[in-house]
Amino acid sequence: ITRTWIKYNKPVTPQQSDNAAGNNSSSQIPPNYAHGGFLMALGLRGHLSLLTATDLTDYLTQGTITTTVGIFLGMAANKRGTCDPATSKMLCLHIPSLLPSSFIPMELASTVQASAVAGIGLLYQGSSHRLMTEFLLNEIGKHPIKDQSNNDREGFSLLCGLSLGMVNLQKGTSTVCGLEDLRIEERLHKYISGGAEISDSRRQKGVTDAAISASHESGRNSRVYEANAINRDITAPGATVALGLIYIKSHNKSVATSLVLPDTHFQLDYVRPDLLALRVISRSLIFWNDVEPTPEWIDSMVPRVVKSSIEFMKNAARRAASFGQMDDHDQVYPEIYSGKGDATDFDPQAVRQAKSFIVAGACFSLGLRYAGTANRAAGSAIFERIIWFLELRDNKDIVTL
């Protein structure tokens, strides 16, 4: 594959079609969104390095958003782990937080910014680059500034966490010179658990509460108000993934305690089901060698409180089925809905969702651990759970009735 071949397969842009047809609207060519995937595939295969700076500029200025995303991810994958300055400048130019304050604000699509952040993670993989580490760590918990677009804010924070983990991939077991003062583990734990945003270091430097609140007032968003607290619905997913990647294969029990699953119904009500799946995945990355390709290992990921609640619901459903009362949930689970007893006072739907997401996270972890090994035991364990999910979808499981 040569540079000429790549350029030859470039589709005609709408601007070029307008010029060729004399601005005749009847002959306009719709934008080609599939070309972005084609460019990313070339980058994954290591062929995008054949393009010159002018070629990349043409793609970024004349192509669609998907073309821009494909160029960012493809070039970052092509230069993975090299910290290439030219590619870094291209990516940083599309991340507003990395631009000087003197730059004129640019309106960039959220997908473009997210892909640029993902490219940073690939480009600086395993380098522990201080500037990028500090930037990504701050971006995970960044508040919305003024009235700029807040679309896909959750996804952007998740990608910042993923990129932070890639930049410091498997660096948790060794102390990286120059990053100790960032307290990465402590701040990530704060992003997961939530709480006040003001750190002790800012107080030690003499920054008063009035000054901090004044700085927040100057850049406050009129549509989203988060005060000085961390919104863990935004920050927790990215921080969870980052911890797993930084401490992958480390078997660090102290870090894993930040990702422990709830063991009471009260705690279960304060953790979103999708965060349970991410915690299972991150814990599996940390305890890499403890992952076993068996159905028993998947079941061991489910907390005891969820197992006992599921068993109680099954027994209640069987009793109701024997009396023909399966159509009324109040009659199926009378102890639950009446609130009698501490052991049975829980939300059945929350328990169902918790088990489903935990099992899904365990299956995903199993796939990561044995990726590319063709392990039959792992495939059989995952397939068994797929059948179980199909039964849940078709209401063939007694707990879903």
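The values are calculated or read from the model by the stated rules, or taken from the named source; none is laboratory data. Everything quoted here is computed from the prediction, not taken from an experiment. Glycine gets a Cβ as well: all are built from the backbone with ideal geometry, and neighbour counts include every protein chain shown. Protein only, heavy atoms only, side chains kept; ligands, DNA and RNA dropped before computing areas. Shrake-Rupley method; radii C 1.70, N 1.55, O 1.52, S 1.80 Å.
Could you grab me the full set of residues in the stretch 105-120 that are farther than 14 Å from Leu164 by Cα and of a type in the set (A, V, I, L, M, F, W, C)? Result: Met106, Leu108, Ala109, Val112.
For the stretch 115-135, indicate whether the set of residues that are open to solvent by less than 40 Å² (accessible area, probe 1.4 Å), of a type in the set (S, T, N, Q), under 24 Å from Gly155 (Cβ atoms) and within 25 Å of the chain's Cα centre (by Cα) is non-empty. Show your work before the answer.
Going residue by residue through the stretch 115-135, those that are open to solvent by less than 40 Å² (accessible area, probe 1.4 Å) are 115-121, 123-124, 126, 128, 132-133, 135.
Checking the rest, the ones that are also of a type in the set (S, T, N, Q) come to 115, 128, 133.
With the extra rule that they be under 24 Å from Gly155 (Cβ atoms), the set shrinks to 115, 133.
Add one more test, that the residue is within 25 Å of the chain's Cα centre (by Cα), and what stays is 115, 133.
Scanning the stretch 115-135, I find at least one residue that is open to solvent by less than 40 Å² (accessible area, probe 1.4 Å), of a type in the set (S, T, N, Q), under 24 Å from Gly155 (Cβ atoms) and within 25 Å of the chain's Cα centre (by Cα), so the answer is yes.
Checked against the criterion of being hydroxyl-bearing (Ser, Thr, Tyr) and modelled with pLDDT under 85, the candidates Thr57, Thr52, Thr68, Thr64 yield just one match: Thr64.
Return yes when Ser365 is open to solvent by less than 60 Å² (accessible area, probe 1.4 Å) and among the hydroxyl-bearing types (Ser, Thr, Tyr) and no when it is not. Steps first, answer last, please.
Values: open to solvent by less than 60 Å² (accessible area, probe 1.4 Å): yes; among the hydroxyl-bearing types (Ser, Thr, Tyr): yes.
Yes: the conditions hold for Ser365.
When Ile336, Ile298 are screened for being among the β-branched types (Val, Ile, Thr) and either open to solvent by 60 Å² or more (accessible area, probe 1.4 Å) or modelled with pLDDT under 80 (or both), only Ile336 passes.
Of the helices (runs of 4 or more DSSP H) lying entirely inside the stretch 44-100, those containing at least 1 residues that are among the aromatic types (Phe, Trp, Tyr) are 53-62, 65-78.
In this structure, Val291 does satisfy being aliphatic (A, V, I, L, M), at pLDDT 90 or above and open to solvent by less than 60 Å² (accessible area, probe 1.4 Å). Only residues that are open to solvent by less than 30 Å² (accessible area, probe 1.4 Å), without any contact (Cβ under 8 Å) to a residue 40 or more places away in the chain and closer than 24 Å to Gln170 by Cβ were counted across the stretch 269-288, and they come to 1.
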